[in-house]
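Shown next, in structure tokens, is the structure this report addresses.
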Amino acid sequence: MDHGFSLVGFAPAKLPEADLKNIQAWIAEGRHGSMEWFAKETAQGIRFAFLHLGFVPKTAITLAFVYRSESSESLVSQMQKKVSRYALGDDYHQVLRKKGKSIIRILKSKYPNHHFRQSVDSLPIAEKVLAVESGIGWRGKNTNTIHRDLGSYFFISVILTDLEFSFPNVTKTDHCGTCRLCIDSCPTGALEPYKIDSRKCISYQTIEDRGSSELENKGTHSWVYGCDICQEVCPWNERVAKRNQVETTESSFLPNSLWTDPNFLNHSNLSAEEFGSYFKGSAIERIGVDVWNRNWE
């Protein structure tokens, strides 16, 4: 049932009390910034109690897919204006949704009386919490899910179902130890151990913060879409994944030729038509031309 996914895990569709309280406190402190959808009542009902889904989920099937590649590592290291590795290729939402549908078709054929619903960042659920609960990895101090062999450059997708599986015992271990490279390397001070303030995060500023016409000298440190600094310095990526030569098996996640095209790289102010042409089928498409031009300047 892997269908090309790198990892799969199963967990009850229920958040541990400690995680529930942490997310509630994060929202109360306003750390979600201008992402107002995150705090809406319906979103919280789905996130905390799996309500409003049309069925009552019993199981969360967590799927992980590696997007790391040697070509993306080489490219990002040479970029003057940097883009997060996950956005260098095709839109992962579309790719993973297609792969997930093939799994759901099989599940529905075997269990026709049950419901299945996939999320690829499309439902307000705590995917990283469910990934830890299902044994995919542990929650790093940079708040990303980390795997001992693969590092953290992987996407997470969750299939919720009212089919109740038997769950293996998952031993939760934290392998960050005393390391705080991610915290100390974040140039905007967005990180505390296991906690992030989105308002200070470069990824948030370049993707989600669309209200201002300028970045107001917040300092994006050459990143124009997303930011990978806290993952780049992580030993589980910089050493382990590199040593293990972790490589995506999905060719559409490899960097598009766009990123080495001088006509694009030297074009500082795209028109809406040019932006649409360059980024059709890319995760970057959703921020729109105005935010892209703002970030590029």
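Overview of results
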item: In the stretch 9-18, the residues that are of a type outside the set (A, V, I, L, M), open to solvent by 40 Å² or more (accessible area, probe 1.4 Å) and not in a loop (DSSP other than H, G, I, E, B); result: Phe10, Pro12, Glu17
item: Qualifying residue in the stretch 32-49 (condition: open to solvent by 10 Å² or more (accessible area, probe 1.4 Å), closer than 24 Å to Ile146 by Cβ and part of a helix (DSSP H, G or I)); result: yes
item: Hey, Asp90 outside any helix (DSSP H, G or I) and without any contact (Cβ under 8 Å) to a residue 40 or more places away in the chain or not; result: no
item: Filter result for the condition that a residue is touching a strand residue (DSSP E or B) at 6+ places or on another chain (Cβ under 9 Å) and charged (D, E, K, R), over Lys82, Lys110, Lys98; result: Lys82
item: Qualifying residues in the stretch 92-138 (those that are within 13 Å of the chain's Cα centre (by Cα) and charged (D, E, K, R)) - the one surrounded by the most Cβ atoms within 10 Å (Cβ to Cβ); result: Glu127
item: Residue within the stretch 249-267 that is over 22 Å from the mean Cα position of the chain (by Cα), open to solvent by less than 10 Å² (accessible area, probe 1.4 Å), at pLDDT 95 or above and not small (Gly, Ala, Ser) present; result: yes
item: Unique residue being open to solvent by 10 Å² or more (accessible area, probe 1.4 Å), among the aromatic types (Phe, Trp, Tyr) and at pLDDT below 95 when the list is Phe167, Phe155; result: Phe167
item: Scope the stretch 171-192; condition open to solvent by 70 Å² or more (accessible area, probe 1.4 Å) and assigned to a loop (DSSP other than H, G, I, E, B); matching residues; result: Thr171, Lys172, Asp174, Thr178, Arg180
item: Test result for Gln80, open to solvent by 60 Å² or more (accessible area, probe 1.4 Å) and touching a residue at least 40 places away in the same chain (Cβ under 8 Å); result: yes
item: Among (1) open to solvent by 30 Å² or more (accessible area, probe 1.4 Å); (2) in a helix (DSSP H, G or I); (3) small (Gly, Ala, Ser) - the single one Gly4 does not satisfy; result: (2)
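To keep it simple, each residue is scored yes or no on (1) open to solvent by 30 Å² or more (accessible area, probe 1.4 Å); (2) of a type in the set (A, V, I, L, M, F, W, C); (3) at pLDDT 95 or above.
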{"position": "Tyr194", "(1), (2), (3)": "yes, no, yes"}
{"position": "Asp197", "(1), (2), (3)": "no, no, yes"}
{"position": "Lys200", "(1), (2), (3)": "yes, no, yes"}
{"position": "Thr206", "(1), (2), (3)": "no, no, yes"}
{"position": "Arg210", "(1), (2), (3)": "yes, no, no"}
{"position": "Ser213", "(1), (2), (3)": "yes, no, no"}
{"position": "His221", "(1), (2), (3)": "yes, no, no"}
{"position": "Gln231", "(1), (2), (3)": "no, no, yes"}
{"position": "Arg239", "(1), (2), (3)": "yes, no, yes"}
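The values are calculated or read from the model by the stated rules, or taken from the named source; none is laboratory data. Keep in mind that this is a model prediction, so the values were computed, not measured. All Cβ positions, glycine included, derive from the backbone under ideal geometry; neighbour counts span all protein chains shown. Remember, those area values only see protein heavy atoms, side chains included, never the ligands or the DNA or RNA. Shrake-Rupley method; radii C 1.70, N 1.55, O 1.52, S 1.80 Å.
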